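Asker: Questions regarding the structure given below will be posed in turn.
The values are calculated or read from the model by the stated rules, or taken from the named source; none is laboratory data. The model shown is predicted, which means the values in this text are computed figures rather than measured ones. Virtual Cβ from ideal backbone geometry, glycine too; neighbours counted across all protein chains shown. The protein model used for the area step is the full one, side chains on, heavy atoms only, and it has no ligands, DNA or RNA in it. Shrake-Rupley method; radii C 1.70, N 1.55, O 1.52, S 1.80 Å.
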Amino acid sequence: MAHPFKDVNFEELFDAAADAMLLVDSTGHVIQANSAAQQLLEYSKKEICGLEVEALIPASFRNYHHQHRSAFFEKPEKRSMGNGKDLFALSKSGKELAVSIGLSPIKTQQQLFILITFYSADKRHNAEQALRTSEERLRIAKQAANLGVFDYDIQLNIVHWDERMCELWGEKSSESIKYKKFISTVHPNDRAVIQVAMDRAINPANNDGFLAEFRILSPNSDAERWVTTTGRVYFEDGHATRLVGVAQDVTELKKLEKNLQEQRAETESVFKQQVAAQTASAIAHELNQPLAAISAYSEVALHALNEFGHNPSTLKRALEGCVAQAQRAGTNLHELLAFLQAGELITERLDINDAVKEAVNIARRDGYKEFALKLKLEQNMSTVLANRIQVQKVLVNLLRNAVEAMRGAGIPNSAITITVRTNKDMNMAHITVQDSGYGLDTETAKRVFEPFFTTKPTGIGMGLAVSRALAEANGGQLWLEPNKRPGATFHFTLPFAP
Ligand code: ADP
């Protein structure tokens, strides 16, 4: 049978090899170079054949190479060159190429040749370099984050750990320890936390990592340290064999969190106190008026009893006044509480002109009657959507303040102008209450809506604060027209019903 390779000659075979190969004679000269070698070293076949191999080695390694070459020829055997050291070949253009080199002696009857094979070391080199870099990065990151590393051998119940980890556990030696000892340093109340995290992590069905936060008891002091650990469990044949993870001291973070919590609780309590004080003042504001009236009626009743000798009709009127005012106080309180409880706002379609007239009547009924009313109402106003009682409250408050300002200025019975119109820019019903009182200086004007701000001897300073809150709760606004003197001008808007 004909030999299957009889048609393939040596040169073709040599050329077809994927690795770069040189055939060198016993004098160290290249006598053959395959295509891969020509390409790697950037020589043509003609140029490379006849070169001494040292010409293909960077100058710094050349001197020793002669000795190595003689040594190889004395004891020719197939082996790799350089004992694992980084080797370099020199290309024609002077590039130093990282390579691994294999040497194979080929003996013929006349002489000994060496087949030199170059394996590009770049890939290996790069991989090693990448590994070194990533290990270095990991080391730096570990150091920066102050991480301790542990490796728990679940089957042998032994924990291997690094120095940082021992330090966290208050141990001196970084020798591996039994899991039992490892866990004994954990705060007794937190051991269950670790167990639960462990049970989850070693269950292959969960596919979860290990995550636990717990306290470490310091052997020398009462101080505890908070440690957070994360890790990953490794399985063999469905059984958890190792837990590898990192631990970090988060004591400072915990302290900070605690401080923040305490601060938040403190702020909350101050806020609650403020709300309580504001609520109490709002209640006082609502009761002030009827109580003053009740007191006045009671005085009249007493007077009627003393002076006029049981004048039943005066007495009756005074007592009826008392009853009406007491009822009003109750209603006011009820409404205020409903508002403070911020339940759903009950709104209705209101004719704002009617609401204004009603508020004027209420103010008069409450004893604020000494003013000349100028009403400028827009006819056929669209209806607004608001809570009737709250709208009244705002208007009555504005009227009361206006009358008080005019009384204070010593000009009672002066004019209060109430204008109702459509504010086209805002698409709102716009009510303006303008008085002829003492007005407001710039400093007072800045503060009138602040709760408790008052310039009156018996004032509470909640009227405008509550009124603004009511206006806003109804979808409108309440503001004071700046720099408008004499007198004061307040504006109140409300949305139209759709
Ligand atoms: P109070 O009437 O209890 O003082 P308000 O909140 O209703 O509380 O008013 C706060 C302050 O605003 C008043 O003390 C007064 O100084 C000022 N103020 C309110 N309305 C007028 C007004 N129409 N004219 C002048 N000052 C006013």
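Asker: Could you check segment 365-384 and list, in sequence order, the residues that are of a type in the set (D, E) and more than 16 Å from the ligand (Cβ to nearest atom)?
Answerer: Selection gives E378 alone.
Asker: Still on this structure: Considering each residue of segment 454-493, count those that are under 27 Å from L291 (Cα atoms), open to solvent by 40 Å² or more (accessible area, probe 1.4 Å) and not aliphatic (A, V, I, L, M), and give that number.
Answerer: 6
Asker: Still on this structure: Restricting attention to segment 394-421, report how many residues are within 11 Å of the ligand (Cβ to nearest atom) and not β-branched (V, I, T).
Answerer: Count: 12.
Asker: Sort through T267, T241 and tell me the only one that's at pLDDT below 80 and either open to solvent by 70 Å² or more (accessible area, probe 1.4 Å) or under 30 Å from N203 (Cα atoms) (or both).
Answerer: T267
Asker: Next up: Take segment 57-76 and flag every residue that is in a helix (DSSP H, G or I) and touching a helix residue (DSSP H, G or I) at 6+ places or on another chain (Cβ under 6 Å).
Answerer: Of segment 57-76, the ones in a helix (DSSP H, G or I) are 59-74.
Passing the criteria: R62, H65.
Asker: Output the residues belonging to segment 77-122 that are in a strand (DSSP E or B), open to solvent by 20 Å² or more (accessible area, probe 1.4 Å) and over 25 Å from S26 (Cβ atoms).
Answerer: Within segment 77-122, E96, L97, S120 qualify.
Asker: While we're on this one: Being in contact with a Leu (Cβ under 9 Å, 6 or more places away or on another chain) and near the ligand (Cβ under 9 Å from one of its atoms), is that true of even one residue in segment 385-393?
Answerer: No, segment 385-393 contains no residue that is in contact with a Leu (Cβ under 9 Å, 6 or more places away or on another chain) and near the ligand (Cβ under 9 Å from one of its atoms).
Asker: Let me ask you something else. Only one of (1) open to solvent by 20 Å² or more (accessible area, probe 1.4 Å); (2) among the acidic types (D, E); (3) closer than 28 Å to T383 by Cβ is not met by D435, so which one is it?
Answerer: Condition not satisfied by D435: (1).
Asker: If you check L168, L156, which single one turns out to be hydrophobic (A, V, I, L, M, F, W, C) and over 30 Å from K258 (Cβ atoms)?
Answerer: L156
The rows are residues; the columns are (1) of a type in the set (D, E); (2) touching a helix residue (DSSP H, G or I) at 6+ places or on another chain (Cβ under 9 Å).
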residue: K424; (1), (2): no, no
residue: G437; (1), (2): no, yes
residue: L440; (1), (2): no, yes
residue: E443; (1), (2): yes, no
residue: E450; (1), (2): yes, yes
residue: G463; (1), (2): no, yes
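Asker: From the list I154, I116, I101, which residue is hydrophobic (A, V, I, L, M, F, W, C) and within 20 Å of R242 (Cβ to Cβ)?
Answerer: Answer to the selection: I154.
Asker: OK, next. Over 30 Å from A326 (Cα atoms), acidic (D, E) and within 25 Å of the chain's Cα centre (by Cα), is that true of E236? So that I can check it myself, show each step before the final result.
Answerer: On the way: over 30 Å from A326 (Cα atoms): yes; acidic (D, E): yes; within 25 Å of the chain's Cα centre (by Cα): no.
For E236, the condition - over 30 Å from A326 (Cα atoms), acidic (D, E) and within 25 Å of the chain's Cα centre (by Cα) - is not met.
Asker: Hey, another quick one. Restricting to segment 451-469, give me the number of residues that are in contact with a Gly (Cβ under 8 Å, 6 or more places away or on another chain) and over 18 Å from G439 (Cα atoms).
Answerer: 2
Asker: Under 7 Å between Cβ atoms, which residue pairs at least 6 apart in sequence (or on different chains) link something in segment 285-299 that is within 19 Å of L319 (Cβ to Cβ) and modelled with pLDDT under 85 with a partner that is within 14 Å of the ligand (Cβ to nearest atom) and open to solvent by less than 50 Å² (accessible area, probe 1.4 Å)?
Answerer: So the pair list comes out as Q289/D366.
Asker: Here's something else I'd like to know. Could you check how many residues of segment 350-395 are surrounded by 22 or more Cβ atoms within 10 Å (Cβ to Cβ) and within 13 Å of Q434 (Cα to Cα)?
Answerer: 2
Asker: Sort out which residues of segment 443-485 are more than 10 Å from the ligand (Cβ to nearest atom) and of a type outside the set (A, V, I, L, M, F, W, C), and write them in order of number.
Answerer: Here is the first cut: in segment 443-485, the residues more than 10 Å from the ligand (Cβ to nearest atom) are 443, 446, 469-479, 481-484.
If the condition is that a residue be more than 10 Å from the ligand (Cβ to nearest atom) and of a type outside the set (A, V, I, L, M, F, W, C), then E443, K446, E472, N474, G475, G476, Q477, E481, P482, N483, K484 are the ones that fit.
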